[in-house]
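The values are calculated or read from the model by the stated rules, or taken from the named source; none is laboratory data. Note that the coordinates shown come from a computational prediction; the quantities given were computed from them, not determined experimentally. Please note: Cβ atoms are built from the backbone with ideal geometry, for glycine as well, and neighbour counts cover all protein chains shown. Areas reflect the complete protein model, heavy atoms only, side chains present, ligands, DNA and RNA absent. Shrake-Rupley method; radii C 1.70, N 1.55, O 1.52, S 1.80 Å.
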Amino acid sequence: MSQKTLPESAREGALGSSAAASSRKWWILAVIALAQLMVVLDATIVNIALPSAQADLGFSDGNRQWIVTAYALAFASLLLLGGRIADLFGRKPAFLIGIVGFAAVSALGGAATNFEMLVTARALQGAFGALLAPAALSLLNTTFTDARERARAFSVYGAIAGAGGAVGLLLGGILTDALDWRWTLYVNVVIAVVAFAGGWLLLSNHRDAANSKLDVPGTVLVAAGLFSVVYGFSNAETHDWSSASTWGFLFAGGVLLAAFAWWQTRAAHPLLPLRILLDRNRAASFLAVLISGAGMFGVFLFLTYYLQLNLGFSPTKTGVAFLPMVAALMVAAQFGTTALVPRMGPKAVIPLGFAIAAVGMAWLTGIGSDSHYASAVLPQLIVIGAGLGLVMPPAMQLATGGVAAEDAGVASATVNAMQQVGGSIGTALLNTLAASAATDYLAGKDPTNKLTQAQATIESYTTAFWWSAGFFAAGTLIAFLLYRRGVPEQDPNAAPVVHM
């Protein structure tokens, strides 16, 4: 009986160890993706349940928006702080604390007995989400260092970030119809248990910025600035643009963010080192995420209204109606990040994705009060999903690629902040424009006529879709002008290089 030589045994052992490490990476991806899904779907899962929650707790129509806005305000304003905490004190504890906190306050919201309790829980969800989301993305960034594996991992992560809103609508509809609105919050506890167990067992801790200190003035400036911007745009939904509650907060937010940018050039340990923003591809990617976030809400928000109010879909059926878009987005995400960008570069792929999404949104403006889902909505959703799949995952990968390890958390937080602020801007602008379109249509007509009312709502939806198409068209031009030619550098260990 022959015996293996020592080198052969060592080689087999090394191969086995490599296979185990590779398998561990993909399990880590599953845990990170689950946590990210929990954060992203919570931006929309409660929307479908709002009418039921309002009837149960008895709050007014005017207060209803705060169930959504409280989450967005806390999440957007604390993201950079959450990202820096992950860099300074370790990504694993930030990830696990974020999960436990998110689950606990979700349970609090599910058990809410009044409006104040529910709003408080939603704000706390946003705060813990601001710790969890950048920790998850930075863990992904530091776990997958091989270029091919990294592209595949980001295709999954980006697809979840892009499609999570639609999944939230589906899950919210199913839970509201089958159980109760409270389960749109309780479901996070179930997800969190699995994600926490996986994170505890699989993740290792990194403190790449352990020698740095927290930039307190920078934290205050950026948190107050982002809060003011999101709050100002949120007020635009219920106040006029000429209201001080709208333009005043927007102006204050702009001043505070300008002061934050100035302070980052002076701070010894800046919260957001400007070297992160000075790479041309990375800056273009941040803008691409911002624009896609603004335009996506034109699909989720107004198409949800159209399907339920005009076509008579149930909440569950409405969620199912978005699934073809999710499928198209995931297929395009995989193809774009693993095949197209490595061969053609982002300057060709991301503008193409924006252009496809713009065509899909423009096509969607053909809806009418007697349209059919199969002909007037389904093909358009597939086109939009395919376009966004070529934008979101590659942009997220490029936004965090090549960043020094000690900056991974804050770079990841900036990506999330761009998506959240983009969503807030898009929601406010589109709501205002849609309402104005409906008012203009009704001018000189009988507002009590049901057919007139129905056509006015169609006019509001199509106006929002045209503007979303405009956002994506602008994204096409901006991405084409800003991205550098050629395929991005693939060396993950290289220090960030400034390209102007």
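So, in the range 254-275, of the ones that are in contact with a Ser or Thr (Cβ under 7 Å, 6 or more places away or on another chain) and surrounded by fewer than 22 Cβ atoms within 10 Å (Cβ to Cβ), which residue ends up farthest from Leu88 (Cα to Cα)? Going through the qualifying residues, I end up with Leu256.
For the subset of the range 415-446 comprising residues that are closer than 26 Å to Ala284 by Cβ and in contact with an Asp or Glu (Cβ under 9 Å, 6 or more places away or on another chain), which member is surrounded by the fewest Cβ atoms within 10 Å (Cβ to Cβ)?
Initial filter on the range 415-446 (closer than 26 Å to Ala284 by Cβ): 415-430.
Add one more test, that the residue is in contact with an Asp or Glu (Cβ under 9 Å, 6 or more places away or on another chain), and what stays is 427-428.
Values: Thr427: 25, Ala428: 23.
Ranking the candidates gives Ala428 first.
Do we have Leu257 as at pLDDT below 80 and more than 30 Å from Gly173 (Cβ to Cβ) here? Before you say what the answer is, go through the steps one by one.
Working: at pLDDT below 80: no; more than 30 Å from Gly173 (Cβ to Cβ): yes.
Answer is no for this residue.
Residues considered: Leu15, Leu50. Of these, the only one that is modelled with pLDDT under 70, hydrophobic (A, V, I, L, M, F, W, C) and part of a helix (DSSP H, G or I) is Leu15.
As an exercise: evaluate Ala355 against (1) open to solvent by less than 20 Å² (accessible area, probe 1.4 Å); (2) farther than 20 Å from Glu149 by Cβ and give the number of the one condition it does not meet. Just one mismatch for Ala355, condition (1). Looking only at residues in the range 187-211 that are crowded, with 18+ Cβ neighbours inside 10 Å and of a type outside the set (A, V, I, L, M, F, W, C), the one that is modelled with the lowest pLDDT is Asp208. Scanning the range 278-298 finds no residues that are without any contact (Cβ under 8 Å) to a residue 24 or more places away in the chain and within 27 Å of Phe354 (Cβ to Cβ).
Scanning the range 223-239 for residues that are at pLDDT 75 or above and small (Gly, Ala, Ser), which turns out surrounded by the fewest Cβ atoms within 10 Å (Cβ to Cβ)? The extreme case among them is Ala224. Residue-level check: of (1) open to solvent by 30 Å² or more (accessible area, probe 1.4 Å); (2) touching a residue at least 24 places away in the same chain (Cβ under 8 Å); (3) of a type in the set (S, T, N, Q); (4) under 26 Å from Leu451 (Cβ atoms), Thr338 misses just (4).
Do we find a residue being over 21 Å from Ala474 (Cα atoms), surrounded by fewer than 21 Cβ atoms within 10 Å (Cβ to Cβ), out of contact with any helix residue (DSSP H, G or I) (no Cβ under 6 Å at 6 or more places or on another chain) and hydrophobic (A, V, I, L, M, F, W, C) anywhere in the range 293-310?
Going through the range 293-310, the residues over 21 Å from Ala474 (Cα atoms) turn out to be 303-310.
Next cut, surrounded by fewer than 21 Cβ atoms within 10 Å (Cβ to Cβ) only: 305, 308-310.
Subsequent filtering for residues that are out of contact with any helix residue (DSSP H, G or I) (no Cβ under 6 Å at 6 or more places or on another chain) retains 305, 309-310.
Now restrict to residues that are hydrophobic (A, V, I, L, M, F, W, C): 309.
Yes; the residues of the range 293-310 include at least one that is over 21 Å from Ala474 (Cα atoms), surrounded by fewer than 21 Cβ atoms within 10 Å (Cβ to Cβ), out of contact with any helix residue (DSSP H, G or I) (no Cβ under 6 Å at 6 or more places or on another chain) and hydrophobic (A, V, I, L, M, F, W, C).
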